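A quick write-up on the structure given underneath.
The values are calculated or read from the model by the stated rules, or taken from the named source; none is laboratory data. Just so it is clear, the structure is predicted and the values come from calculations on it, not from any experiment. Please note: Cβ atoms are built from the backbone with ideal geometry, for glycine as well, and neighbour counts cover all protein chains shown. In case anyone asks, the SASA skips ligands and DNA or RNA and just uses the protein heavy atoms, side chains included. Shrake-Rupley method; radii C 1.70, N 1.55, O 1.52, S 1.80 Å.
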Amino acid sequence: MTNDILAKAKNEFGAALARLEEELKKIRTGRAHPSMLDGIMVTAYGAEMPLVAVGTVSAPEAQLLQITPFDAGNLQAVASAIRDDQSLGLNPVDDGRVIRIQIPALTTERRQQIVKQLSDKSEECMVRMRSARHEALKDAKKATTDKQISQDDEHRLEKQVDDAIGEMKVKVEAVLDAKEKEILTL
């Protein structure tokens, strides 16, 4: 019983970290990366579709993204979807065959704003982890009340959950430090 509760908590911690890493991939660093456009949804063929379903995204140069739609008829829809996403602040240019997006260099002020976004993302991750911790401790308390585990097992489980969240917090900080260095490096 205690192993199940601990495994579930660790799973939740890992999921929160994985989500943070996915969110951080979308944050611009001044260098072009195809994953910057992962969240873009394009209206094509009468439905909302992810960008990767309507074209290929590549980064032929450090400051350039290139999107090649599978169907040239979707060129304008792809360009509009990218232009309409205000969080990216990108201006796609199409030549009738491919879409090119020049990634502007980040100003020092913009870099500082992005670092602030990082702290918000990390706090969201920690809130998810604390919520998972709370659920695990609640499950342990319920198991003790239902006489499925002893109080000693409950206290041991509490310590194991706290140790696990401590390890994940170190990993979160390492991921954030690496991303912050990447952003602040000119």
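A quick yes/no check of all residues on (1) touching a helix residue (DSSP H, G or I) at 6+ places or on another chain (Cβ under 9 Å); (2) open to solvent by less than 20 Å² (accessible area, probe 1.4 Å); (3) more than 30 Å from Thr107 (Cα to Cα); (4) modelled with pLDDT under 85:
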{"residue": "Ile40", "(1), (2), (3), (4)": "yes, yes, no, no"}
{"residue": "Thr43", "(1), (2), (3), (4)": "yes, no, yes, no"}
{"residue": "Leu51", "(1), (2), (3), (4)": "yes, yes, no, no"}
{"residue": "Ile82", "(1), (2), (3), (4)": "yes, yes, no, no"}
{"residue": "Ser87", "(1), (2), (3), (4)": "no, no, no, yes"}
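Taking the condition of being outside any helix (DSSP H, G or I) and of a type outside the set (A, V, I, L, M), how many residues in segment 139-186 meet it?
Total satisfying the criteria: 5.
Only residues that are among the hydrophobic types (A, V, I, L, M, F, W, C) and either open to solvent by 10 Å² or more (accessible area, probe 1.4 Å) or out of contact with any helix residue (DSSP H, G or I) (no Cβ under 9 Å at 6 or more places or on another chain) (or both): list them for segment 6-23, please. Steps first, please.
Let us first name the residues in segment 6-23 that are among the hydrophobic types (A, V, I, L, M, F, W, C), namely 6-7, 9, 13, 15-18, 20.
Result: Leu6, Ala7, Ala15, Leu17, Ala18.
Residues are listed down the side, and each one gets a yes or a no for (1) within 19 Å of the chain's Cα centre (by Cα); (2) open to solvent by 70 Å² or more (accessible area, probe 1.4 Å); (3) modelled with pLDDT of 95 or more; (4) among the hydroxyl-bearing types (Ser, Thr, Tyr):
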position: Arg128; (1), (2), (3), (4): yes, yes, no, no
position: Thr144; (1), (2), (3), (4): no, no, no, yes
position: Ile149; (1), (2), (3), (4): no, no, no, no
position: Asp162; (1), (2), (3), (4): no, no, no, no
position: Gly166; (1), (2), (3), (4): no, no, no, no
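Of these, Ser122, Ser58, which one is farther than 17 Å from Met36 by Cβ and under 22 Å from the mean Cα position of the chain (by Cα)?
Ser122
Test Ser122 against the criterion of being open to solvent by less than 50 Å² (accessible area, probe 1.4 Å), hydroxyl-bearing (Ser, Thr, Tyr) and closer than 25 Å to Phe13 by Cβ, and give yes or no. It would help to see each step written out before you state the result.
Details: open to solvent by less than 50 Å² (accessible area, probe 1.4 Å): yes; hydroxyl-bearing (Ser, Thr, Tyr): yes; closer than 25 Å to Phe13 by Cβ: yes.
So Ser122 passes the test.
For segment 1-50, which residues satisfy the criterion of being of a type in the set (D, E, K, R) and either outside any helix (DSSP H, G or I) or within 13 Å of the chain's Cα centre (by Cα) (or both)? Can you show your working first?
So the first thing to find is which residues in segment 1-50 are of a type in the set (D, E, K, R), and the list is 4, 8, 10, 12, 19, 21-23, 25-26, 28, 31, 38, 48.
If the condition is that a residue be of a type in the set (D, E, K, R) and either outside any helix (DSSP H, G or I) or within 13 Å of the chain's Cα centre (by Cα) (or both), then Arg19, Glu21, Glu22, Glu23, Lys25, Lys26, Arg28, Arg31, Asp38, Glu48 are the ones that fit.
Can you spot a residue in segment 58-74 that is open to solvent by less than 20 Å² (accessible area, probe 1.4 Å), more than 30 Å from Arg130 (Cα to Cα) and part of a loop (DSSP other than H, G, I, E, B)?
no
Considering each residue of segment 89-111, count those that are in a helix (DSSP H, G or I) and surrounded by 12 or more Cβ atoms within 10 Å (Cβ to Cβ), and give that number.
Going residue by residue through segment 89-111, those that are in a helix (DSSP H, G or I) are 108-111.
From what is left, the residues that are surrounded by 12 or more Cβ atoms within 10 Å (Cβ to Cβ) are 110-111.
Matching residues across segment 89-111 total 2.
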